[in-house]
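As structure tokens, the structure follows; a few thoughts come after it.
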Amino acid sequence: RADVDALNNKLDELENEWNQKDDRKNEIRKLKEETEQAYNKHLEINSQLSEAEEKFTKYQELLGKEKNLIDSIKNLEDQKTGLESNSLIANKELDELNEQIGSEKNTLESIKEEIKKIVSEKEELEEEISNTNSLLNHINGDIQESINRRESLKGEIAKLETREEELNTTIKGLEGKLGDTIQQKEDHLEEIKTPPQALTILSGKTPQTQVNELEALKRVKRRFESQGLKYHRRTLYAFHTAMKSNETSQMAVLAGISGTGKTQLPRQYANAMGIGFLQVSVQPRWDSPQDLMGFYNYLEKRFRPTDMARALFQMDKENNPETEFSDHLMMVLLDEMNLARVEYYFSDFLSRLENRPSPDRVNIPEERKDAELELEIPVTTGQSPRIFPGYNLLFVGTMNEDESTQTLSEKVIDRANVLRFAAPKKIMGDISQEEENIDFHYLRYTDWKQWIRESSNYGEREFVTKIEKMAEIMKKYERPFGYRLGNAILSYVANYPRHTEDENLNEALADQVEMRLLPKLRGIELDQSNTLSELIQFVENDLDDPVLSEAINKSEQIAHDSTGQFRWLGVNRDD
């Protein structure tokens, strides 16, 4: 298609050149008309010149007559003088002679006037002839130049006609190739239909039969210990709840210094839960959604998908009903997601996740169209293939904080649960970076949905008042939050693991202060008149979490001792 567009552009240039050829023909025709007009003028001037020559000949004849008359008058005067002196001529003859002399003088004066007129006309004709000769010389030069240009244009026209024939031949060939390309449309999706290794290792596995949420979390904890990792129960519960509440929070972000096991936490969690795990290593050069999903290779005429695109296609039962993984779960880890600008490569994807309809309405095409990802595959008819990122996909990102990385934008922070932690209290062994073999039964998506609680059932509980107080405190720090974040906090609290429905949920609210509110306070100016004392007292007294309140106070003191700008440093908890 791109080749056809390029050739169409060349054809347009050829048409422009062809149109210019008509303009040049018109220019030659105009010059020819000017030449004919000049030639007619030349004939007219030659005619006038002939008339002038005839008048000049008449002028010379009149000059001869004048000379003859002068001689005749002289002879007559001589005769008169002779007659008078000799008194031989009679008075009558003298009068006749005088009359004849007067007549001849009148004729002479008339001839002189005519001669003056002819001389004047001659001078005018000579000036006009001079101008005409100059114009003829100029026209002859233009005619010669036009003849040369006409010959040059004939050569260009011949070249353009040859190029037109060549382009027509090329266009016919490309039209044939385009027809072949349309017939091979299905081959564009050949690669994306191939599941990545993260899913093929789940193929053929059987689902878990008895699934209890708290037992599953215990299995995850044992998995951590077997891999030499030790995380606080609150960290595990916070990560698990962030995954469950992905309808209101599109992802979880694990932030902190390098080497604290941020990658191993989601990897081993997924392994123990029976969830497919795909690690996507973000590169510093990433600057568009193509880096996540892949691109269309115009030379090979096929779409080159990434493993993430292939995984999303396999997990999308709406656009790929033949998939065998429709009841599986897949966790996608964007490792070191802030090596590149998250807004460049992930912002559009994050918006798609946010636009997803409720889980019970994803089967309606009109409801999910704004959430679907359109693959950049050129098609002549119909719509490009689309992928819907459903709720069976769990998104996690790790984020190192050093001088080589980018900070997260407000848009990402507002839509993610940010878990910030330092190094684990105890590392019992080496952390393996190799992919674990999944030799257990996979967790069905239908069972996972049974763990999810509707936040609307908790709208009248006492912790709603505490959420409203959290909003008031954030207003005072000029970091207010709206309905989206309020609903996300409520969803998190509703889905926090518990043994009984009446279990105290202050832990969940404290987690949301840590994961949602403290990242939004980054960069605020702190001094003696502007402190975090009200937030610290709320966490310690209302939420009964002295460890978190002490960690907030420590981060505040470090801000006072350095730049004066607050930066949340995380919290360490002991079992």
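The values are calculated or read from the model by the stated rules, or taken from the named source; none is laboratory data. What you see is a predicted model; the values in this text were computed from it and never measured. Cβ sites come from the backbone with ideal geometry, for glycine too, and all protein chains shown count toward neighbours. The area values use the complete protein model at the heavy-atom level, side chains included, leaving out ligands, DNA and RNA. Shrake-Rupley method; radii C 1.70, N 1.55, O 1.52, S 1.80 Å.
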Under a 5 Å amide H to amide H cut-off, with H placed in plane at 1.01 Å, what residues pair with residue 373 once short-range neighbours are removed?
387, 388
Hits in segment 533-572: amide N under 15 Å from the 7 Å Cα→Cβ extension of residue 527, namely 560-566
The chain: relative contact order from alpha carbon pairs under 8 Å, six or more residues apart, as a whole percent, is 16 percent
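Can you list the GluC sites (Glu not before Pro) in segment 487-539 that are in a DSSP coil and have 15 or fewer other beta carbons within 10 angstrom?
On the way: sites: 501, 503, 507, 514, 525, 534; in loops: 501, 503.
Listed in order of number, the matching sites are 501, 503.
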Mind checking which lysines have their Cα closer than 25 Å to the Cα of residue 92? Skip sequence neighbours fewer than 8 apart in that chain.
74, 80, 105
Average accessible area per residue (Å²) across segment 1-69 - probe 1.4 Å, nucleic acids and ligands excluded:
74 Å²
Specify the longest stretch of the chain that does not include any exposed loop site, a site being one of the chymotrypsin sites (Phe, Trp or Tyr not before Pro) with a non-H, G, I, E, B DSSP assignment and at most 16 other Cβ atoms within 10 Å.
1-297
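Given the -39500 (n - 2.57) contribution per DSSP H run of 4+ residues, what per-residue ellipticity at 222 nm results for the chain, rounded to the nearest 500 deg cm²/dmol?
-18500 deg cm²/dmol
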Accessible area of segment 21-173 belonging to carbon and sulfur atoms, whole % at 1.4 Å probe:
46 percent
Under 20 Å Cα-Cα from residue 116, which aspartates and glutamates qualify once same-chain neighbours fewer than 8 residues away are excluded?
51, 53, 54, 61, 66, 104, 124, 126, 127, 128
For segment 454-567, what is the charge dipole size about the Cα centre, in debye to the nearest 20, if Lys and Arg each add +1 at the Cβ and Asp and Glu each add -1 at the Cβ?
580 debye
Trypsin sites (Lys or Arg not before Pro) within segment 330-382: DSSP coil, no more than 13 neighbouring Cβ in 10 Å
369
How high is the FRET efficiency between residue 370 and residue 191 when r is their beta carbon distance and R₀ equals 25 Å, given to the nearest 0.05?
0.40
Under 5 Å, built H, 5+ apart or other chain: amide partners of residue 442
206, 208
Solvent-accessible ranking of 118, 257, largest area first, probe 1.4 Å:
257, 118
Cα-based reach from residue 25 at 16 Å (exclusive), listing aspartates and glutamates while leaving out same-chain residues under 8 positions away
15, 17, 33, 34, 142, 145, 151, 156, 161
Given H placed 1.01 Å from N in the peptide plane, which residues other than close sequence neighbours of residue 419 have an amide H under 5 Å from its amide H?
253, 254, 255
Using Cα-Cα distances under 8 Å and only pairs 6 or more residues apart, what relative contact order does segment 1-133 have, in percent?
39 percent
Figure the gain on full extension for residue 101 and residue 214 (residue separation times 0.36 nm, minus the Cα-Cα span) and round it to one decimal in nm.
25.1 nm
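Taking Cα pairs under 8 Å and at least six residues apart, what relative contact order does segment 206-356 come out at, in percent?
With pairs under 8 Å counted, the relative contact order is 25 percent.
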So which of 317/466; 230/520; 172/369; 466/554 end up more than 32 Å apart by C-alpha?
317/466; 172/369
The ³J(HN,Hα) series, computed from each phi in segment 449-454 with the Karplus coefficients 6.51, -1.76 and 1.60 at θ = phi - 60°, rounded to the nearest Hz and given as x for glycine or proline, is 5, 5, 7, 7, 9, 6
